[in-house]
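Following: one structure in structure tokens, then a few remarks.
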Amino acid sequence: MRTRTMILCFAVLLTVPVLARAQDGDDWPSLSYLRSDYRQVAVVAHVRIREAEIVKTIGGYEDWHLVGDVLEPFKGKFRKGQTVEYYHGAEKGIRREIFLGEKIVFLFRNYVREEKRWVLAVLENSTLPYTEDRVVKLRKLQHQTKQSTSKRK
């Protein structure tokens, strides 16, 4: 019985620091999580959002139009310094300031029938605050994608 208790205590002592680090979020999201979002979209970029306005309200949701500058592109045709415009759906009542500033965005092309045009929109739950760790992972994904593309040629 005593040995079992000691083993259990030892296991708890080993687990607590791991759980604390996981909750800390320093290395979240994982590379595989980012890879999944990266594959689903047309554009991935580190941007500085400077304009945010609500363009439509539907029930308890708002459609925001965001305008910003590309600080570093990871996927897509945008280049550093270019202006990017996209749409972001969110629950009603979110403050404008939440959308402003430096973000890492994952954007897909969406056809708007009423306007008969293509626009960029965020992949749901994929916009992330800028951190150096995330940028390092995205650079790695960008490099891996370029390598696999050049091997196919």
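Points worth noting:
- Förster-model FRET efficiency, 25 Å R0, Glu97 and Lys140, C-beta, rounded to 0.05: 0.20
- Going by neighbour counts of Cβ atoms within 10 Å, the residues Phe108, Phe78 line up, fewest first, as Phe108, Phe78.
- 20 Å Cα-Cα threshold exceeded, pairs from Lys56/Lys77; Lys77/Lys103; Lys77/Lys146; Lys56/Lys116; Lys103/Lys137; Lys77/Lys116: Lys56/Lys77; Lys77/Lys116
- Semi-axis lengths (Å, descending) of the ellipsoid that matches the C-alpha gyration tensor of segment 28-152: 25, 16, 14
- Efficiency of FRET from Cβ geometry, Lys116 and Thr57, R₀ 30 Å, rounded to 0.05: 0.85
All of the numbers you see were taken from the coordinates with simple rules; none came from a lab. Only a predicted model underlies this, so the values are computations on that prediction, with no experimental measurement involved. For neighbour counting, all protein chains shown are included, and Cβ atoms are generated from backbone atoms with ideal geometry for every residue, glycine included.
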